[in-house]
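Remarks on the structure that follows.
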Amino acid sequence: MRRYQVLIVGAGFAGAEAAWHLARAGVEVGLLTQSLDSVMMPFLPPKPPFPQESLLEKAYDPQDERVWAFHARAKYRLEAEPHLHLFQATATGLLLEEGRVVGVRTWEGPPALAERVVLAVGSFLGARLFLGEVEEEAGRLSEASYPDLFEELKALGFRFVEREGAVPETPTTPGYRVRYHAFHPEEWEAETFRLQRLAGLYAVGLCVREGDYARMSQEGKRLAEHLLHELG
Ligand code: FAD
């Protein structure tokens, strides 16, 4: 079975950025995400300034601010990288060997194996979406948040804090709020991106720190630089 050097769970702003930089440096990367239709999908159109030489910068087109068109340009660039395997699956839990994370289980069945696993799951851990009177389990409009991974992380002893983000109403979309969980700051080491409870496990993006798209992309770049250093 294929074993990646780095497996990233979640192709949002942080995970996709990290995967793109790692793959361009020759690292064999798996980028697993629950829906290929929402790869690097913004809530609202991204606005510059962006980190230099980032995937975010490359996918941005000031002449075309449609969010799905931004998503399509980012996905196209990810798919063009020969060392990057972008695929659709939902991570439901961690695969452990002698206390070290060696991959993830997936809802679809086949496990994904790697030397290092990065959680880049954004606002999807134990997420609830509020739209008017409606409340549902979702990390973004029309994108479900499945409970399995969050429940397993809690069972493994990880601690979380509750956070909330809001999307204002626009002429074409309703406003809504998302309440989600992020790892407790003591679980994560900002310098190395390690989730310290388990060896081989890292996290990046909104699931560990707050910020806008540019910040998430910058964090993805910083993670790639750190892992390149670790991999030698
Ligand atoms: P995301 O971009 O959310 O990516 C996470 C990805 O992980 C998703 O694609 C999801 O499908 C995938 N995933 C989750 N769980 C699994 C699993 N178990 N298996 C496989 N895949 C999984 N910032 C701005 O600059 N502008 C805004 O307008 C803005 N609006 C926001 C609105 C809300 C409601 C929130 C919560 C945040 C907002 N932010 C905004 C802040 C932040 O920049 C964005 O949330 C950004 O998308 C976070 O990037 P990320 O990579 O951490 O997560």
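The values are calculated or read from the model by the stated rules, or taken from the named source; none is laboratory data. These numbers were taken from a predicted model, which means no experiment stands behind them. Note: ideal-geometry Cβ built from the backbone for every residue, glycine included; neighbour counts use all protein chains shown. Keep in mind that these areas ignore ligands, DNA and RNA; they rest on the heavy atoms of the full protein, side chains included. Shrake-Rupley method; radii C 1.70, N 1.55, O 1.52, S 1.80 Å.
Brief remarks on what is shown
- Among beta bridges from DSSP that stay inside the chain, the antiparallel ones total about 60%.
- When 216, 41, 1 are compared by accessible surface with a 1.4 Å probe, the order from highest to lowest is 1, 41, 216.
- Applied to region 20-27, the Karplus parametrisation 6.51 cos²θ - 1.76 cosθ + 1.60 on θ = phi - 60° returns per-residue 3J(HN,Hα) values of 4, 5, 4, 5, 5, 8, x, 7 Hz, with x for Gly and Pro.
- Accessible-area order (highest first, 1.4 angstrom probe) of the listed residues 76, 146: 76, 146
- The residues of region 76-232 expose on average 50 square angstrom of accessible surface per residue, using a 1.4 Å probe on protein heavy atoms.
- Only protein heavy atoms count here; under a 1.4 Å probe, residue 38 has an accessible surface of about 20 Å².
- Note that region 50-61 has calculated 3J(HN,Hα) couplings of 10, x, 5, 6, 9, 4, 4, 5, 5, 7, 7, 9 Hz, one per residue in order, obtained from phi through the Karplus relation 6.51 cos²θ - 1.76 cosθ + 1.60 (θ = phi - 60°); glycine and proline are x.
- Only protein atoms count toward the accessible area here, which uses a 1.4 Å probe; on the chain, the carbon and sulfur part of that area reaches 50 percent.
- With loop membership from DSSP and a limit of 11 other Cβ atoms within 10 Å, the longest segment of the chain without trypsin sites (Lys or Arg not before Pro) is 67-232.
- Filtered chymotrypsin sites (Phe, Trp or Tyr not before Pro), region 84-152: DSSP coil and at most 14 other beta carbons within 10 Å: 107
- Extension gain from residue 61 to residue 107, taking 0.36 nm per residue of separation minus the Cα-Cα distance: 13.1 nm
- Compactness of region 109-232, taken as the C-alpha radius of gyration over 2.2 N^0.38 Å, stands at 1.14.
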